[in-house]
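The values are calculated or read from the model by the stated rules, or taken from the named source; none is laboratory data. Keep in mind it's a predicted model, so treat the numbers as computed, not measured. For neighbour counting, all protein chains shown are included, and Cβ atoms are generated from backbone atoms with ideal geometry for every residue, glycine included.
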Amino acid sequence: MTGHHDASFELDNGFLRVGEIAVSFQEVVRHVKGAIGTMIGEGRYESIRDKNLLLGAKAPFWEVSWGAAKVKVDRVTGEIKILKFVTIADAGKAINPQQCHSQEIGAMVQGIGQAFFEQTLYENGIMLNPGLINYRVPGVYDLPDELVTILFENGNGPGPYGVKGIGESGLLTVPSAIGNALFSAAGVRLLELPLTPEKVWRALHQGYFNQ
């Protein structure tokens with residue numbers, strides 16, 4: 001592997017070829033980094049700037065996801081319990097599937113916060129719930145009894161191997177899916193978040209208030 005720096009080479013089917021010599025990628029890495037060395041690759045992608053576009057450039061990809069919820073509604077208290085949630089992320093290609101699934105779970109938990117609890121309350125310009133004591137976020141008991149995360153891979157993203165970004169999109173479907181599940185389960189259609197027990201209870205007993 002000593003050769004000139006300007007020697008021409010080509011990559012072919014897992015081999016680096018220089019003239020008549022063919023060396024596997026593994027041998028090249030061992031020669032450069034040793035038996036236990038690490039090879040790191042770096043890359044960069046920049047969108048073409050366009051001042052006529054709202055964000056200054058075209059997005060390199062769109063995040064796409066799907067979500068479905070199965071819920072149980074307590075008509076006495078108005079509380080919603082998620083029995084099952086299924087989320088699907090269009091990852092393009094999941095280079096690290098475990099981390100991709102973890103991203104989707106994290107996004108789903110944040111979506112539960114939006115759907116059920118999180119809102120900022122102000123009075124005379126002062127925030128009334130600035131801390132975790134009175135700003136409710138999801139806990140373990142708020143998670144679905146059953147959670148399924150699915151990675152959809154068709155390799156059509158702009159990154160290596162057709163990869164795309166995921167994560168944020170897994171959050172967006174959660175409140176909508178829960179709201180639709182509430183309608184299917186109890187016939188109540190609420191269009192403002194969060195879906196608090198009080199809101200659900202009042203909607204369920206609307207006829208009582210109108211008497």
ask   = Out of all the residues in segment 100-138, which are surrounded by 16 or more Cβ atoms within 10 Å (Cβ to Cβ), of a type in the set (A, V, I, L, M, F, W, C) and assigned to a loop (DSSP other than H, G, I, E, B)?
value = 117
query = Among the residues of segment 25-43, which ones are modelled with pLDDT under 80 and under 24 Å from residue 163 (Cα atoms)?
reply = 38, 39, 40, 41, 43
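Residue check: is residue 92 touching a Gly at 6+ places or on another chain (Cβ under 6 Å), at pLDDT 90 or above and among the small types (Gly, Ala, Ser)? It would help to see each step written out before you state the result.
Working: touching a Gly at 6+ places or on another chain (Cβ under 6 Å): yes; at pLDDT 90 or above: yes; among the small types (Gly, Ala, Ser): yes.
Taking the combined requirement at face value, the residue satisfies it.
I'd like to check which strands (runs of 3 or more DSSP E) are fully inside segment 3-93 and have at least 1 residues that are of a type outside the set (D, E, K, R) and within 30 Å of residue 148 (Cα to Cα). I'd like the intermediate steps shown before the answer.
Numbers: elements: 10-12, 15-18, 21-24, 65-73, 80-90.
Ranges flagged: 65-73, 80-90.
Among the residues of segment 147-160, is any polar (S, T, N, Q) and farther than 30 Å from residue 42 by Cα? So that I can check it myself, show each step before the final result.
Here is the first cut: in segment 147-160, the residues polar (S, T, N, Q) are 149, 154, 156.
Restricting the remaining residues to those that are farther than 30 Å from residue 42 by Cα gives none.
No, that holds for no residue.
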request  = Taking the options 80, 105, name whichever one is closer than 20 Å to residue 185 by Cα and hydrophobic (A, V, I, L, M, F, W, C).
outcome  = 80
message = Tally up the residues in segment 161-185 that are out of contact with any Gly (no Cβ under 6 Å at 6 or more places or on another chain), at pLDDT below 95 and either more than 30 Å from residue 42 (Cβ to Cβ) or assigned to a loop (DSSP other than H, G, I, E, B) (or both), please.
response = 4
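Please verify whether segment 46-58 includes one or more residues that are hydroxyl-bearing (Ser, Thr, Tyr) and loosely packed, with under 10 Cβ neighbours inside 10 Å.
Here is the first cut: in segment 46-58, the ones hydroxyl-bearing (Ser, Thr, Tyr) are 47.
Right, trim to loosely packed, with under 10 Cβ neighbours inside 10 Å and you get none.
Scanning segment 46-58 turns up no residue that is hydroxyl-bearing (Ser, Thr, Tyr) and loosely packed, with under 10 Cβ neighbours inside 10 Å.
Kindly indicate which of 86, 76, 71 is exposed (fewer than 13 other Cβ atoms within 10 Å of the Cβ), of a type in the set (Val, Ile, Thr) and modelled with pLDDT of 90 or more. Outline the logic, then answer.
Details: 86 fails: exposed (fewer than 13 other Cβ atoms within 10 Å of the Cβ); 71 fails: exposed (fewer than 13 other Cβ atoms within 10 Å of the Cβ).
Just one listed residue meets the conditions, 76.
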